[in-house]
Amino acid sequence: MHDRRTRRALADIAALRVAQRMAAHQELAAAQVREQEAADASRRADLRTETAVQAWDAHLGSADFAPDFARALAAELVEHGRASAAAQAHRAQMVEACAVAERDWHDGDAHCRLADRALDTSRRARRRDRDERALDALADRIASNWRRA
């Protein structure tokens, strides 16, 4: 005979797994948003670096070259290059965080499916127990009626 407490516990576990899967899905969505924001920030930093390179190249090729201004442009270029590298590193971290969140979501989904399968197995076992008891009672009645006849 299948224990009712086991079925209730399995139902509670299945409900908990569904909640965990939903939380993992929300975290995945948030990680994807953060990844997109990091990618946008990286593109903007690369664009600023490219603009600084073009300004420095334009000044170096101009007729009114000023060494102090060229040094300032070079310092700005270096600063933008550092910012671009930092933005790319942050983007790489967000890509990794998104991959981890996706793995967590897949794991949560698998756990949820396993909990659902265990609950279904429990339900089938309870139905089978109930059907067997009904068949035993029916067999007893038929045997009793047969003995009387």
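Using a probe radius of 1.4 angstrom, the carbon and sulfur fraction of the accessible surface of the chain is 56%. Once the gyration tensor of the Cα atoms in the stretch 15-97 is diagonalised, the equivalent ellipsoid follows with semi-axes of 44, 9, 6 Å, ordered largest first.
The phi torsions of the stretch 92-107, fed into the Karplus equation with coefficients 6.51, -1.76 and 1.60 and a -60° offset, translate into couplings of 4, 5, 5, 5, 5, 4, 5, 5, 5, 5, 5, 5, 4, 5, 5, 4 Hz, rounded to whole numbers, with Gly and Pro shown as x. Karplus-based coupling profile of the stretch 23-34, in residue order and whole Hz: 5, 5, 5, 5, 5, 4, 4, 5, 5, 5, 5, 4, with θ = phi - 60° in 6.51 cos²θ - 1.76 cosθ + 1.60 and x standing for Gly or Pro. Radius of gyration (Cα atoms) of the chain, expressed as a multiple of 2.2 N^0.38 Å: 2.30.
Under the Kirkwood approximation for Rh and a Cα-based Rg, what ratio Rg/Rh is obtained for the stretch 83-149? It would help to have the intermediate numbers written out before the result.
Values: Rg = 28.7 Å, Rh = 17.0 Å.
Over the Cα atoms of the stretch 83-149, Rg/Rh equals 1.68.
The values are calculated or read from the model by the stated rules, or taken from the named source; none is laboratory data. Quantities reported herein were computed from a predicted structural model and do not represent experimental measurements. Ligands, DNA and RNA are stripped out before the accessible areas are found, and what is left, the full protein with its side chains, is counted by its heavy atoms. Shrake-Rupley method; radii C 1.70, N 1.55, O 1.52, S 1.80 Å.
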